[in-house]
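For reference, the structure discussed in these notes is given below.
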Amino acid sequence: MQPYGIQSMLKEGHKHLSGLDEAVVKNIDACKQLSTITRTSLGPNGMNKMVINHLDKLFVTNDAATIVNELEVQHPAAKLLVLAGRAQQEEIGDGANLTISFAGELLQNAEELIRMGLHPSEIISGYNKAITKTIEILDELVEEGSEKMDVRNKEEVVCRMKAAVASKQFGQEDILSSLVADACIQVCPKNPANFNVDNVRVAKIVGGGLHNCTVVRGMVLKTDAVGSIKRMEKAKVAVFVSGVDTSATETKGTVLIHSADQLENYAKTEEAKVEELIKAVADSGAKVIVSGAAVGEMALHFCERYKLMVLKISSKFELRRFCRTTGAVAMLKLGQPNPDDLGYVDSVSVEEIAGVRVTVVKNEEGGNSVSTVLLRGSTESILDDLERAVDDGVNTYKAMCKDSRIVPGAAATEIELARRLKEFSFKETGLDQYAIAKFAESFEMVPKTLAENAGRNAMEIISSLYAEHASGNTKVGIDLEDGVCRDVSALNVWDLHITKFFALKYAADAACTVLRVDQIIMAKPAGGPSRRDQPAGMDED
């Protein structure tokens with residue numbers, strides 16, 4: 001039978017979905033599924049997810065960005081939400097969960113409107129009006145006096161960072177945020193806007209507990225020193241990228257040896273050459289040699305003789321960070337370094353932490369180079385999760401360096417936005433008002449989810465929140481521990497304005513993009529063996 005219509009136009013094996021029921025509702029459904037996954041991880045009492053990716057690596061986390069990155073999302077519409085979450089993670093570093101869950105909620109409400117008979121384009125125009133209004137209201141909710149802040153004042157930093165850290169590690173946020181704040185303040189440059197997230201490192205060592213965590217000014221390398229010298233104080237450092245060893249020549253040469261003496265002398269020349277090179281380094285005043293590749297036996301022997309400490313850093317990026325910490329310039333080949341190329345460290349020592357040998361490189365005088373948060377915990381997955389919490393804290397610090405305005409946390413902002421948008425929707429004429437009202441309703445997802453995750457009665461909490469806000473207490477949020485409504489300024493729960501701003505904006509954009517789709521045309525996947533059949537242990541690349 002001859003294919004007709006769109007079938008005859010496209011290659012065989014393609015899929016074509018069109019119309020409201022097939023395309024729009026199916027897309028919304030996929031996005032709803034994704035946001036249901038992340039939603040239960042929202043907030044401090046969020047549940048953890050156990051994700052095992054295609055390489056059999058296990059993640060136990062409630063960090064939405066990690067979850068959606070490790071799930072291989074196949075559906076094209078759900079991928080849009082993943083991208084929105086990823087954009088939020090890269091832009092701010094916190095709030096990816098809010099982005100995805102809120103977008104899913106918007107789409108779910110849009111589906112109800114479509115069932116009522118509204119056209120997607122009317123919903124989109126309503127949502128666009130709503131998000132512009134939301135951003136206006138959000139600016140009004142900013143706490144007075146919070147736009148000016150001293151980024152080196154630990155109390156102010158911790159107060160803004162606590163909410164972000166608590167959403168990952170509830171109950172331990174006080175210890176963690178003070179660690180992260182210390183680390184960030186140490187490396188904060190003169191102009192805080194230039195703060196570099198990469199300057200706060202995390203070293204994870206299994207064993208001990210949270211109270212053993214410390215902040216080290218400088219770097220912690222998880223390797224032992226090569227050779228027998230394990231400590232150096234106030235030393236100059238030479239960094240060689242290509243390893244400390246005799247280099248093999250490019251060309252092959254033939255040597256004719258006539259007598260036994262010549263043979264003996266021939267072997268000695270190599271020793272003399274290596275000794276000369278190492279001596280040149282020692283004479284330049286360097287006490288520590290850092291090598292980017294292997295350290296030869298003979299070279300090591302001479303390093304010991306000249307009392308040089310040798311470290312080996314095989315990772316290129318670690319080597320760069322090391323150069324940043326010490327102010328050294330990495331040299332390509334072994335030879336006498338210029339005095340300008342040498343770095344300086346206060347102390348390099350090999351210490352043993354819980355049976356793991358680590359090299360601690362401290363540089364107190366060097367100013368804001370690198371600081372390391374040393375995390376301790378009982379298992380690998382706990383450490384990974386702590387690292388994500390630290391990561392969120394550091395990113396929040398960077399965001400507050402750009403814009404330090406804060407809004408009330410604990411769902412106070414969301415309820416206020418919902419209430420004000422509801423009022424705004426009554427003033428609108430036309431079909432947009434339904435979409436705006438639904439947009440306002442979507443904000444209820446945040447307090448509802450927070451309450452549900454904490455095992456409280458969501459309906460009671462939301463209605464009492466509305467009652468408080470209607471009587472003018474705009475800063476009333478949920479106190480999750482007692483399950484009652486409290487003023488957040490007393491609880492000291494604040495969220496950064498910039499995090500909320502981008503999360504809501506990205507969510508609304510993603511939702512509108514999904515709603516704009518009315519046809520999906522998928523070509524037949526390209527031939528060849530499928531990705532699923534790759535041998536174990538192979539990476540995607």
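For (1) of a type outside the set (Ser, Thr, Tyr); (2) open to solvent by 20 Å² or more (accessible area, probe 1.4 Å); (3) within 27 Å of residue 505 (Cα to Cα); (4) assigned to a helix (DSSP H, G or I), each residue gets a yes or a no:
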{"position": "12", "(1), (2), (3), (4)": "yes, yes, no, no"}
{"position": "16", "(1), (2), (3), (4)": "yes, yes, no, no"}
{"position": "47", "(1), (2), (3), (4)": "yes, yes, yes, no"}
{"position": "51", "(1), (2), (3), (4)": "yes, no, no, no"}
{"position": "65", "(1), (2), (3), (4)": "yes, no, yes, yes"}
{"position": "69", "(1), (2), (3), (4)": "yes, yes, yes, yes"}
{"position": "72", "(1), (2), (3), (4)": "yes, yes, yes, no"}
{"position": "77", "(1), (2), (3), (4)": "yes, no, yes, yes"}
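Are there any pairs with C-beta distances below 6 angstrom linking a residue in region 174-192 that is without any contact (Cβ under 8 Å) to a residue 12 or more places away in the chain to a residue that is surrounded by fewer than 21 Cβ atoms within 10 Å (Cβ to Cβ) and assigned to a helix (DSSP H, G or I), with the two at least 6 apart or on different chains, and if so which?
none
Being closer than 19 Å to residue 26 by Cβ, more than 25 Å from the chain's Cα centre (by Cα) and in contact (Cβ under 8 Å) with a residue 40 or more places away in the chain, is that true of even one residue in region 96-107? Even if it seems obvious, please write down each step before you answer.
Residues of region 96-107 closer than 19 Å to residue 26 by Cβ: 100, 103-107.
In the following step, the residues that additionally are more than 25 Å from the chain's Cα centre (by Cα) were identified as 106-107.
Checking the rest, the ones that are also in contact (Cβ under 8 Å) with a residue 40 or more places away in the chain come to 106-107.
Yes.
Could you grab me the full set of residues in region 46-66 that are in contact with a helix residue (DSSP H, G or I) (Cβ under 6 Å, 6 or more places away or on another chain) and under 20 Å from residue 446 (Cβ atoms)? Full working, then the answer.
Pass one, region 46-66, residues in contact with a helix residue (DSSP H, G or I) (Cβ under 6 Å, 6 or more places away or on another chain): 46, 49, 51, 53, 59-61, 63-65.
Listed by number, the residues that qualify are 46, 49, 63, 64, 65.
Checking the conditions here, which among 225, 203, 193 is among the aliphatic types (A, V, I, L, M) and in contact with a Cys (Cβ under 7 Å, 6 or more places away or on another chain)? Steps first, answer last, please.
Values: 225 fails: in contact with a Cys (Cβ under 7 Å, 6 or more places away or on another chain); 203 fails: in contact with a Cys (Cβ under 7 Å, 6 or more places away or on another chain).
Exactly one residue qualifies, and that residue is 193.
Read through the list (1) closer than 20 Å to residue 441 by Cβ; (2) in contact with a strand residue (DSSP E or B) (Cβ under 9 Å, 6 or more places away or on another chain), then give the number of the only condition that residue 70 fails.
Answer for residue 70: the failing condition is (1).
So is residue 237 of a type in the set (A, V, I, L, M, F, W, C), at pLDDT below 80 and within 24 Å of residue 344 (Cβ to Cβ) or not?
Working: of a type in the set (A, V, I, L, M, F, W, C): yes; at pLDDT below 80: no; within 24 Å of residue 344 (Cβ to Cβ): yes.
Here the answer is no, as residue 237 does not meet what is asked.
Can we say residue 351 is without any contact (Cβ under 8 Å) to a residue 24 or more places away in the chain, within 18 Å of residue 220 (Cβ to Cβ) and open to solvent by 30 Å² or more (accessible area, probe 1.4 Å)? Full working, then the answer.
Working: without any contact (Cβ under 8 Å) to a residue 24 or more places away in the chain: yes; within 18 Å of residue 220 (Cβ to Cβ): yes; open to solvent by 30 Å² or more (accessible area, probe 1.4 Å): yes.
Answer is yes for this residue.
Of all residues in region 433-464, which are among the acidic types (Asp, Glu) and within 29 Å of the chain's Cα centre (by Cα)?
We begin by selecting, within region 433-464, every residue among the acidic types (Asp, Glu); these are 441, 444, 452, 460.
444, 452 - these are the residues of region 433-464 that are among the acidic types (Asp, Glu) and within 29 Å of the chain's Cα centre (by Cα).
Test residue 113 against the criterion of being modelled with pLDDT of 85 or more, under 14 Å from residue 438 (Cα atoms) and not in a helix (DSSP H, G or I), and give yes or no. Outline the logic, then answer.
Values: modelled with pLDDT of 85 or more: yes; under 14 Å from residue 438 (Cα atoms): yes; not in a helix (DSSP H, G or I): no.
Taking the combined requirement at face value, the residue does not satisfy it.
Do we find that residue 280 is part of a helix (DSSP H, G or I) and within 37 Å of the chain's Cα centre (by Cα) in this structure?
Working: part of a helix (DSSP H, G or I): yes; within 37 Å of the chain's Cα centre (by Cα): no.
So residue 280 does not fit the description; no.
Is it true that some residue in region 19-26 is within 26 Å of residue 412 (Cβ to Cβ) and touching a residue at least 60 places away in the same chain (Cβ under 8 Å)?
No, because not a single residue in region 19-26 is within 26 Å of residue 412 (Cβ to Cβ) and touching a residue at least 60 places away in the same chain (Cβ under 8 Å).
Examine region 209-222 for a residue that is surrounded by 12 or more Cβ atoms within 10 Å (Cβ to Cβ), under 20 Å from residue 344 (Cα atoms) and among the small types (Gly, Ala, Ser), and state whether such a residue exists.
Looking through region 209-222, at least one residue is surrounded by 12 or more Cβ atoms within 10 Å (Cβ to Cβ), under 20 Å from residue 344 (Cα atoms) and among the small types (Gly, Ala, Ser).
Working carefully through the options 461, 478, find the one that is closer than 17 Å to residue 42 by Cβ, open to solvent by less than 20 Å² (accessible area, probe 1.4 Å) and not in a helix (DSSP H, G or I).
Working: 461 fails: not in a helix (DSSP H, G or I).
Answer to the check: 478.
Which residues, counting only those in region 141-155, are open to solvent by 20 Å² or more (accessible area, probe 1.4 Å), within 20 Å of residue 215 (Cα to Cα) and either without any contact (Cβ under 8 Å) to a residue 12 or more places away in the chain or not in a helix (DSSP H, G or I) (or both)?
Correct list: 152, 153, 155.
Restricted to region 290-339, and to residues that are among the basic types (Lys, Arg) and farther than 15 Å from residue 225 by Cβ, which residue is farthest from the chain's Cα centre (by Cα)? Can you show your working first?
So in region 290-339, the residues among the basic types (Lys, Arg) come out as 305, 307, 312, 316, 320-321, 324, 333.
Add one more test, that the residue is farther than 15 Å from residue 225 by Cβ, and what stays is 305, 316, 320-321, 324, 333.
On the way: 305: 45, 316: 21, 320: 20, 321: 18, 324: 21, 333: 36 Å.
Once the filter is applied, the top-ranked residue is 305.
Of the residues 275, 297, 318, only one is in contact (Cβ under 8 Å) with a residue 12 or more places away in the chain, closer than 30 Å to residue 203 by Cβ, charged (D, E, K, R) and open to solvent by 30 Å² or more (accessible area, probe 1.4 Å); which? Steps first, please.
Details: 275 fails: closer than 30 Å to residue 203 by Cβ; 297 fails: in contact (Cβ under 8 Å) with a residue 12 or more places away in the chain.
Just one listed residue meets the conditions, 318.
Would you pick out the residues in region 156-191 that are among the hydrophobic types (A, V, I, L, M, F, W, C) and open to solvent by 60 Å² or more (accessible area, probe 1.4 Å)? So that I can check it myself, show each step before the final result.
Initial filter on region 156-191 (among the hydrophobic types (A, V, I, L, M, F, W, C)): 157-159, 161, 163-166, 170, 175-176, 179-181, 183-185, 187-188.
Within region 156-191, 170, 175 qualify.
Looking at region 213-235, I want the residues that are on the phi > 0 side of the Ramachandran plot and have a partner that is surrounded by fewer than 17 Cβ atoms within 10 Å (Cβ to Cβ) with Cβ atoms under 7 Å, at least 6 apart or on another chain. Which pairs are those?
That search, which allows pairs on different chains as well, returns 227/304.
What are the residues in region 19-44 that are farther than 14 Å from residue 98 by Cα and open to solvent by 40 Å² or more (accessible area, probe 1.4 Å), if any?
20, 21, 22, 26, 29, 33
Working only within region 487-526, note down all residues that are charged (D, E, K, R), more than 22 Å from residue 394 (Cα to Cα) and touching a residue at least 24 places away in the same chain (Cβ under 8 Å). Walk me through how you get there before you give the answer.
Let us first name the residues in region 487-526 that are charged (D, E, K, R), namely 487, 495, 500, 505, 509, 516, 518, 524.
From what's left, more than 22 Å from residue 394 (Cα to Cα): 487, 505, 509, 516, 518, 524.
Those that are charged (D, E, K, R), more than 22 Å from residue 394 (Cα to Cα) and touching a residue at least 24 places away in the same chain (Cβ under 8 Å): 505, 509, 516, 518, 524.
When only residues in region 481-514 that are in contact with a Phe, Trp or Tyr (Cβ under 8 Å, 6 or more places away or on another chain) and modelled with pLDDT of 90 or more count, which is surrounded by the most Cβ atoms within 10 Å (Cβ to Cβ)?
Narrowing region 481-514 to residues in contact with a Phe, Trp or Tyr (Cβ under 8 Å, 6 or more places away or on another chain): 488, 503-504, 507-508, 511-512.
When the remaining residues are screened for being modelled with pLDDT of 90 or more, the result is 503-504, 507-508, 511-512.
Details: 503: 26, 504: 27, 507: 28, 508: 25, 511: 30, 512: 20.
Step by step, filter region 481-514, then rank; the result is 511.
Go through 325, 359 for me and flag whichever is of a type in the set (Ser, Thr, Tyr) and assigned to a helix (DSSP H, G or I). Step through it out loud before you land on a result.
On the way: 359 fails: assigned to a helix (DSSP H, G or I).
One residue alone meets the criteria, 325.
The values are calculated or read from the model by the stated rules, or taken from the named source; none is laboratory data. As the structure is a prediction and not an experimental result, all values here were calculated from the model. Positions of Cβ are backbone-derived with ideal geometry, glycine not excepted, and every protein chain shown enters the neighbour counts. Just so you know, the surface numbers come from the protein's heavy atoms only, side chains and all, with ligands and any DNA or RNA stripped out. Shrake-Rupley method; radii C 1.70, N 1.55, O 1.52, S 1.80 Å.
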